[in-house]
1. Of the numbered conditions (1) at pLDDT 90 or above; (2) exposed (fewer than 10 other Cβ atoms within 10 Å of the Cβ), Val22 fails exactly one; give the number of that condition.
2. Would you please name the residue that is farthest from Ala72 (Cα to Cα), looking only at residues in region 25-58 that are modelled with pLDDT under 90 and of a type in the set (S, T, N, Q)?
3. Could you list, ordered by first residue, the pairs with Cβ atoms under 7 Å in which the first is in region 58-71 and at positive phi and the second is outside any helix (DSSP H, G or I) and surrounded by 11 or more Cβ atoms within 10 Å (Cβ to Cβ), at least 6 apart or interchain?
4. Can you pull out the residues in region 37-64 that are of a type in the set (A, V, I, L, M, F, W, C), more than 23 Å from Arg4 (Cβ to Cβ) and surrounded by 10 or more Cβ atoms within 10 Å (Cβ to Cβ)?
5. Quick check on my filter: what residues within region 31-55 are more than 23 Å from Thr18 (Cα to Cα) and in contact (Cβ under 8 Å) with a residue 12 or more places away in the chain?
6. For the subset of region 1-24 comprising residues that are of a type in the set (Ser, Thr, Tyr) and part of a loop (DSSP other than H, G, I, E, B), which member is nearest to Ala75 (Cα to Cα)?
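The values are calculated or read from the model by the stated rules, or taken from the named source; none is laboratory data. Quantities reported herein were computed from a predicted structural model and do not represent experimental measurements. Every residue, glycine among them, receives a Cβ derived from its backbone with ideal geometry; neighbour counts consider all protein chains shown.
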Amino acid sequence: MRNRASCDFVLYFKVGKTPLGVIEVDGGYHGTARQAERDALKDSILRKSEIPLLRLQTVESHIEEKIAEFLAQWASGASTA
């Protein structure tokens, strides 16, 4: 059994490598039961680690605005929780 997981984009502090947030880009294969299970596990791990997650569908509109809003929480000094 392959037991690997990765994130598409991880935002982190340069010094200390502390993760700030994760951006996941979900393509068409994310509709499968197996991928949904893997996504739920990843979501759970990130939630328990208090690492914010932004999920984007490849067919979504206004992706740039969603990313800018996600990033703004650190630019404005707001909490990451």
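1. It is condition (2) that Val22 fails.
2. Thr32
3. Listed pairs, sorted by first residue: none to list.
4. If we filter region 37-64 for residues that are of a type in the set (A, V, I, L, M, F, W, C), which is where we start, we get 40-41, 45-46, 51, 53-54, 56, 59, 63.
Applying the additional criterion that residues be more than 23 Å from Arg4 (Cβ to Cβ) yields 59, 63.
Answer for region 37-64, where residues must be of a type in the set (A, V, I, L, M, F, W, C), more than 23 Å from Arg4 (Cβ to Cβ) and surrounded by 10 or more Cβ atoms within 10 Å (Cβ to Cβ): just Ile63.
5. Our first condition is that a residue be more than 23 Å from Thr18 (Cα to Cα); within region 31-55, this holds for 31-38.
Residue satisfying the conditions is Arg38 alone.
6. Looking only at region 1-24, we keep the residues that are of a type in the set (Ser, Thr, Tyr), and these are 6, 12, 18.
When the remaining residues are screened for being part of a loop (DSSP other than H, G, I, E, B), the result is 6, 18.
Numbers: Ser6: 25, Thr18: 16 Å.
Per the criteria, the residue is Thr18.
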